[in-house]
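The values are calculated or read from the model by the stated rules, or taken from the named source; none is laboratory data. Because the structure is a prediction, the values reported are computed rather than measured. Backbone-built Cβ (ideal geometry, glycine too); neighbour counts: all protein chains shown. Just the protein is used for accessible areas: all its heavy atoms, side chains included, with ligands, DNA and RNA removed. Shrake-Rupley method; radii C 1.70, N 1.55, O 1.52, S 1.80 Å.
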Amino acid sequence: LRRMPQPVITAVNGAAAGAGFSLAMAGDVVLASDKARFVVGYPGLGTTSDGGLSYFLRQRIGPMRAMDLLLARESIDAAEAERLGLVLRCVNAAALMDEATAYAERLAAQPAQVLEGFKALLNGADAGALVDQLDRERVLFLRNAGTALFGERLAAFLQR
């Protein structure tokens, strides 16, 4: 999503948990409904994040708040996500797709080269950092996923 030349809008209506949270944060613009919840989930499985979540959280809210969210909170609602700066706007669930569509239309009214240029300027300087962080996440996730703790917690999660 970050390599696409066009800005990506993600719209969250419900739970964005684990990799879903990572995917939502990969958007250039994130909108959420008042029913959205953002759940880290990884510590409960005995592992670290994947999908760039550690990168996106650090980029958007800084290392201290990212650490708090990753390790000390089970979930946050959309209003808290907006307050922290994880989402641009929190709207009524019934209006989410209309809001996302209207936002996309505002962007689509811009010349393609302007959209692509600003996306490159805003994301391009960190492109290598994201790739490096994805590699670090993969190594740590796989290391943790190979432990007995992960297996036990995954089995318990799947039984719920």
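Here are the numbers for the structure shown:
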{"quantity": "Of the criteria (1) farther than 17 Å from A16 by Cβ; (2) hydrophobic (A, V, I, L, M, F, W, C); (3) touching a Lys or Arg at 6+ places or on another chain (Cβ under 8 Å), which one L71 fails", "calculated": "(3)"}
{"quantity": "Hits in region 1-41 - residues which are in contact (Cβ under 8 Å) with a residue 40 or more places away in the chain and assigned to a helix (DSSP H, G or I)", "calculated": "M25"}
{"quantity": "Count - residues of region 10-32 that are open to solvent by less than 50 Å² (accessible area, probe 1.4 Å) and either among the aliphatic types (A, V, I, L, M) or out of contact with any strand residue (DSSP E or B) (no Cβ under 6 Å at 6 or more places or on another chain) (or both)", "calculated": "15"}
{"quantity": "Enumeration of residues in region 114-160 that are open to solvent by less than 80 Å² (accessible area, probe 1.4 Å), among the hydrophobic types (A, V, I, L, M, F, W, C) and in contact (Cβ under 8 Å) with a residue 40 or more places away in the chain", "calculated": "L115, A120, A127, A129, L130, L134, L140, F141, A145, L149, F150, L154"}
{"quantity": "Residues being over 15 Å from L86 (Cβ atoms) and either of a type in the set (F, W, Y) or modelled with pLDDT under 95 (or both) - total across region 20-47", "calculated": "7"}
